[in-house]
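Peer 1: Would you mind keeping the following structure in view while I ask a few things?
The values are calculated or read from the model by the stated rules, or taken from the named source; none is laboratory data. Quantities reported herein were computed from a predicted structural model and do not represent experimental measurements. Because the Cβ atoms are built from the backbone with ideal geometry, glycine has one as well, and the counts that use them run over all protein chains shown.
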């Protein structure tokens, strides 16, 4: 499974694994949205520690979740971004919409 | 200028082949011993071009994606990603940042990423005939 979900105290953590592209983002999106719509967490932590590569589909994955969580005023936080993933996040401006944590876990 | 080495490959436009497309290009480019940063950049740019061919070019059909990679003596690499899909009516508009016809999950950043990560991006397209994206990048020798 390309995403592992855990929920505690209103925070849903999604540990993503593997390369994120248009093909793999779909499974990740479906798993996250399924749990999110049931639980309506106030925060989604997307952990990219085990993601060695992503293209703009990863940015789309983040933007889509920011939009979804906006429906119940939830917030999306990113963590575990490598240097190259950080660059994609910065290039896209998505960092202005989602919080970025330095530490993973 | 004549290419010193080149590779060509094709695959059907199943989205599962997106990873193969970018990985095959980076595997071929490994022979010039690029930096990790340069290799990640071209890998990302190729991923965007291949995804465009699959998601947009062949939006209503499965077709063939054609990739050629050419290496030149001065460290220049040229990657051409071609589809015979629906084509783009307004290339300039398609290349605008955030513009997408791909729905809510597409960020509309494909061409912006290609332009940021390559030295040049050339797009030729004909409606009903398909689209060719040509990415050019210079690879500096490692220090």
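Peer 1: Here is a list: B:5, B:52, B:17. Which entry is surrounded by fewer than 19 Cβ atoms within 10 Å (Cβ to Cβ) and closer than 30 Å to residue A:66 by Cα?
Peer 2: One residue alone meets the criteria, B:17.
Peer 1: Name the single residue, out of those in segment B:100-140 being part of a loop (DSSP other than H, G, I, E, B), in contact with a helix residue (DSSP H, G or I) (Cβ under 6 Å, 6 or more places away or on another chain) and under 30 Å from residue B:36 (Cα atoms), that is farthest from the other protein chains (Cβ to nearest Cβ).
Peer 2: B:139
Peer 1: Can you go through A:20, A:62 and tell me which one is touching a residue at least 40 places away in the same chain (Cβ under 8 Å) and buried (at least 17 other Cβ atoms within 10 Å of the Cβ)?
Peer 2: A:20
Peer 1: Just give me the residues in segment B:51-82 being farther than 12 Å from residue B:123 by Cβ and in contact with a helix residue (DSSP H, G or I) (Cβ under 8 Å, 6 or more places away or on another chain), in sequence order.
Peer 2: Of everything in segment B:51-82, those that are farther than 12 Å from residue B:123 by Cβ and in contact with a helix residue (DSSP H, G or I) (Cβ under 8 Å, 6 or more places away or on another chain) turn out to be B:51, B:54, B:55, B:63, B:65, B:67, B:69, B:71, B:75, B:77, B:79.
Peer 1: Now for a separate question. Please enumerate the residues belonging to segment A:71-85 that are assigned to a helix (DSSP H, G or I) and in contact with a strand residue (DSSP E or B) (Cβ under 9 Å, 6 or more places away or on another chain).
Peer 2: A:84, A:85
Peer 1: In segment B:16-30, what residues are closer than 22 Å to residue B:74 by Cα and touching a strand residue (DSSP E or B) at 6+ places or on another chain (Cβ under 7 Å)?
Peer 2: Hits for segment B:16-30 are B:24, B:25, B:28, B:29.
Peer 1: Right, something else. Looking at (1) closer than 17 Å to residue B:130 by Cβ; (2) in contact (Cβ under 8 Å) with a residue 60 or more places away in the chain; (3) not in a helix (DSSP H, G or I), which is the only condition residue B:80 fails?
Peer 2: The single condition residue B:80 does not satisfy is (2).
Peer 1: I need every pair where a residue in segment B:130-143 that is more than 24 Å from residue B:57 (Cα to Cα) has its Cβ under 6 Å from the Cβ of a residue that is part of a strand (DSSP E or B), sequence separation at least 6 or different chains.
Peer 2: Listed by first residue and then by second, the contacts come to B:138/B:76.
Peer 1: Here is a check on your reading of the model: is residue A:10 loosely packed, with under 14 Cβ neighbours inside 10 Å and in contact with a strand residue (DSSP E or B) (Cβ under 9 Å, 6 or more places away or on another chain)?
Peer 2: Spelling it out, residue A:10 is indeed loosely packed, with under 14 Cβ neighbours inside 10 Å and in contact with a strand residue (DSSP E or B) (Cβ under 9 Å, 6 or more places away or on another chain).
Peer 1: Would segment A:41-53 turn up any residue that is within 14 Å of chain B (Cβ to nearest Cβ) and closer than 19 Å to residue A:99 by Cα?
Peer 2: yes
Peer 1: Is it fair to say residue B:44 is in contact with a strand residue (DSSP E or B) (Cβ under 9 Å, 6 or more places away or on another chain), closer than 16 Å to residue B:136 by Cβ, modelled with pLDDT of 95 or more and assigned to a helix (DSSP H, G or I)?
Peer 2: Spelling it out, residue B:44 is indeed in contact with a strand residue (DSSP E or B) (Cβ under 9 Å, 6 or more places away or on another chain), closer than 16 Å to residue B:136 by Cβ, modelled with pLDDT of 95 or more and assigned to a helix (DSSP H, G or I).
Peer 1: Checking the conditions here, which among A:87, A:29 is under 16 Å from residue B:105 (Cα atoms) and within 11 Å of another protein chain (Cβ to nearest Cβ)?
Peer 2: That would be A:29, the only listed residue that is under 16 Å from residue B:105 (Cα atoms) and within 11 Å of another protein chain (Cβ to nearest Cβ).
Peer 1: Something else: With A:88, A:28 as the choices, which residue is surrounded by 21 or more Cβ atoms within 10 Å (Cβ to Cβ), at pLDDT below 95, part of a helix (DSSP H, G or I) and touching a strand residue (DSSP E or B) at 6+ places or on another chain (Cβ under 8 Å)?
Peer 2: A:88
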